[in-house]
1. Which condition breaks for Ser243 when tested against (1) under 15 Å from Ala282 (Cβ atoms); (2) surrounded by fewer than 18 Cβ atoms within 10 Å (Cβ to Cβ)?
2. So Arg304 passes all but one of these: (1) over 27 Å from Glu26 (Cβ atoms); (2) buried (at least 16 other Cβ atoms within 10 Å of the Cβ); (3) within 17 Å of the chain's Cα centre (by Cα). Which condition number does it fail?
3. Please work out which residue is nearest to the chain's Cα centre (by Cα), limiting yourself to region 195-221 and to residues that are within 25 Å of Ile92 (Cβ to Cβ) and part of a strand (DSSP E or B).
4. Looking at region 41-58, I want the residues that are in contact (Cβ under 8 Å) with a residue 40 or more places away in the chain and over 14 Å from Ser87 (Cβ atoms) and have a partner that is in a helix (DSSP H, G or I) and hydroxyl-bearing (Ser, Thr, Tyr) with Cβ atoms under 7 Å, at least 6 apart or on another chain. Which pairs are those?
5. Return the residues of region 82-125 that are small (Gly, Ala, Ser) and part of a helix (DSSP H, G or I); say none if nothing qualifies.
6. Restricting attention to region 141-155, which residues are crowded, with 19+ Cβ neighbours inside 10 Å and either assigned to a helix (DSSP H, G or I) or more than 16 Å from the chain's Cα centre (by Cα) (or both)?
7. Looking at Leu126, Leu170, Leu138, which is the one that is surrounded by 18 or more Cβ atoms within 10 Å (Cβ to Cβ), assigned by TED's automatic domain parsing to the domain that holds Leu291 and within 17 Å of the chain's Cα centre (by Cα)?
8. Looking at Glu221, Glu289, Glu255, which one is without any contact (Cβ under 8 Å) to a residue 40 or more places away in the chain and out of contact with any Cys (no Cβ under 7 Å at 6 or more places or on another chain)?
Amino acid sequence: MSVAFDIGLLPDRPIDELARLAASAEEKCFEGVWIADSQSIFRDAYAALTICALRTERMLLATGVTNPLTRHPAVLAGVIATVDEISGGRAILGIGTGESAVKTIGRKASTLREMEEAILAIRSLLAGESTEYQGATLKMSWPTRCVPIYVAASGPKTLQLAGRIADGVLFQVGASPVLVEYALNEIRKGAEQAGRSYEEIQLCMRLACNLSSNGEKARRELRPYAAAAAVTTFRSVPASIISDEIGQDIRRLRERYDYHKHTNVDAGHQELVTSTILDAVAIAGTPEEALPKFKKIAGMGIHRIVIPLTGSDPDGVMKVLAEEIRPHLSKSGS
């Protein structure tokens, strides 16, 4: 069975262009699109998902990801249910504790307890049930369905939370098989804590990637997104499984990181993305260099790989993935 390939889109470009890329991805047999929700630096994620829903027929449509701080759980339930209705049942709610969306308004990320309470409230609302949340009784008054909820995670406690309560997990831990195995083990622990079957959880890996026949150009263009991925990932991944060299490079990057320039090609902090950081968080270079790395990851039991399209040639990257990478991948790694 083949590993599904999805695309990730940042609404830092016109929404009509996002919809065009989603439609093009569907033509190339990508199976989903994940759109980031960060109000201060991107266009609105749910407006983008709606337009993508109208331009596609089969793709899953997911937030990649939202949070329970800038959007109240009642708002999240209503808006994702609307996208689900428009798309004919293709929506996924991807949710995390909050990164650039909350940092840029001077807030702290939600605690795991707060996120768990929000997820349980959203799930009840989508099921047509009334629920108590922060002292208020919430209820949706119109028909909906139980849209799948995927938790975005990098740290062990969040990965375990996903294993306990989520329909799926969107984990971002870098490109190293050692780190992927760490993530899967933590998800499995969470499932065991809740008495769930690990096999029922959808395992989605968000992986920074840029591929081109010009490998050096591909690596250079990925640095702005790799900086964001590195700060997000290594904020939570245990230091014990990170090399000293990566740890030192990440500390320097974190000290200079500007969340108002999150993923921005003009961000000054991208100059601090060393080759060590880039190789730790991403697969970047030529297709020939990338294929063995993809094969290794694909053989680890992952269901979906989500590739954010962040470079200057998203159509070219999709073409390479569709024609030169994905046909060679299976869950057995063959």
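1. Of everything listed in (1) under 15 Å from Ala282 (Cβ atoms); (2) surrounded by fewer than 18 Cβ atoms within 10 Å (Cβ to Cβ), Ser243 misses just condition (1).
2. (1)
3. Step by step, filter region 195-221, then rank; the result is Arg206.
4. Short answer, once both residue conditions are applied: Ile41/Ser100.
5. Ser87, Ser100, Ala101, Ala118, Ala121, Ser124
6. Correct list: Val147 only.
7. Matching residue, one of Leu126, Leu170, Leu138: Leu170.
8. After ruling out the rest, the residue left standing is Glu255.
The values are calculated or read from the model by the stated rules, or taken from the named source; none is laboratory data. Everything numeric here is computed off the predicted structure, so don't read it as measured data. Don't worry about glycine lacking a Cβ; one is built from the backbone with ideal geometry, like all the others, and counts go over all protein chains shown.
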